[in-house]
1. Trypsin sites (Lys or Arg not before Pro) within region 39-92: which are DSSP loop residues with at most 12 other Cβ atoms inside 10 Å?
2. Take the Cβ-Cβ distance between residue 258 and residue 188 as r, set R0 to 45 Å, and report the resulting FRET efficiency rounded to the nearest 0.05.
3. Quick check for you: which residues of region 240-255 have the amide N under 17 Å from the point 7 Å beyond the Cα of residue 61 toward its beta carbon?
4. Relative to the Cα centre, what is the charge dipole magnitude of the chain, using +1 at the beta carbon of each Lys and Arg, -1 at the beta carbon of each Asp and Glu, and rounding to the nearest 20 debye?
5. Among 70, 182, 168, whose Cα lies farthest out toward the positive end of the dipole of the chain, if unit charges sit on the beta carbon of Lys, Arg (+1) and Asp, Glu (-1)?
6. Could you state the angle between the C-alpha long axis of helix 257-267 and the longest principal axis of the C-alpha atoms of the chain, as a value from 0 to 90 degrees rounded to the nearest 10?
7. Rounded to the nearest 10 degrees, what's the angle between the helix 179-188 long axis and the longest principal axis of the chain, both from Cα atoms, 0 to 90?
8. For the chain, what is the relative contact order in percent, using Cα pairs closer than 8 Å and at least 6 residues apart in sequence?
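FYI, it's all coordinate maths here, none of it is from the lab. Not measured: the values here are computed from a predicted model. Note that each Cβ is placed from the backbone with ideal geometry, even for glycine, and that neighbours are counted across all protein chains shown.
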Amino acid sequence: MDNQHSNEPNQTNAIDTVGVGTQAVWGGETEGHPYRATQTPIVASAAYGYEDIDEWYDVALGKAPGFIYSRMSNPTVEVLEAKLCQLERAESAVAFSTGMAVISSVLYTFLSHGMRVVSTKDSYGGTNKIFEEFLPKMGVEVILCETQDHEAIEAEIAKGCDLLYLETPTNPTLKVLDIKRLAAAAKAQGAIVVADNTFATPLNQSPLTLGVDVVLHSATKFLSGHADAMGGVACGAESLMSQVRHYREINGASLDPFSAYLIIRGIKTLALRMRQQQASAMALAEYLQTEPLVEAVNYPGLPTHTGHEIAKAQMKGFGAIVSFVLKGGMETVTKLLPKLQFAHCAGNLGAVETIYGPARTTSHVENTLEERLALGISEGLVRISVGIEDTEDLVADLKQAFASL
Ligand SMILES: *Cc1c(COP(=O)(O)O)cnc(C)c1O
């Protein structure tokens, strides 16, 4: 596989030199909208009309710019893709209908019978299902290593690796992987390196600058930020993204323009939201460490976290997800969660509202109890997606919930 996927922008524009908060607002936006609208229009059209057959043919063959059919490309979706290119410093991006659509499509684009994938035990539950159920059916060998055991991962890569798949920090255990180190090991084998950057967001972590070839997101989460749209996006060099785009065109998990619009709108406040959310995440993690009913707290920002030093080196902020293990397992979980006043109990994350949920009904709902335990996910594990509420209110809410037990 071609190892030289360039992500270098051809020229420096003003937008490349400003802060990421400014880029989130202005990146990818185009001008000249109908009626001088300042906002990206939702172009709700399945197809685009041509009177000149020659022009139509040229656009259809990609010889001239334009749109043909919205499964292939759509003007609203293209603005979202351009915004992600800006934030991930990528040459190209391809948007999908969900995060799982982008993950499965990227894997199916680059994998075929006889290939070998190296990844870790911890990854999003749906991703784990692709590794355990769907890829083996295709004749792809998948090796899942202990998540933070870098030596073991490198040893498996050295035995042969066509694709290295990384998720860091992981959902829901918040384990941290050294992206640069593992990507270098995989590149030495000629592998393609894919990273799920959903938890970190492009604000906190730039995998493409650390040797990763394809960075992907569930846009349903922090990018959209409001739990009202689903989407996914992959970013990387055009030489790779053109293959992913071709897969999307034919397999059809394209993003609809309404969701694209909501995600564009959400991204504009990403920097503001994350600043507040990760400050509160740190406060909640520190409080949880003092709570006697809590067995363990997982947050990469805590100096006691096993991956703290790596996180400090490769992340600008530690993100807005905290998880903790309650003594007494599911019985305590069942009592604690209904006591919370300012939180949804739901299977989602990355929204403006704080959300609590155990792995059983959130990240690993697709897995059996035995599978979760084998993955090191105990029944007392609760994930908090910290919202934008005032920090002191979130800490007080959790305190009163514990006090009422
Ligand atoms: C939610 C999530 C996904 C899947 O995204 P959907 O939009 O729900 O399909 C993938 N990876 C991570 C880390 C997630 O949190």
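1. 63
2. According to the calculation, E is roughly 0.55.
3. Within reach of a label on residue 61: no residues.
4. 600
5. Checking the options against the dipole of the chain, the answer is 168.
6. 60
7. Rounded to the nearest ten degrees, it is 50.
8. 17
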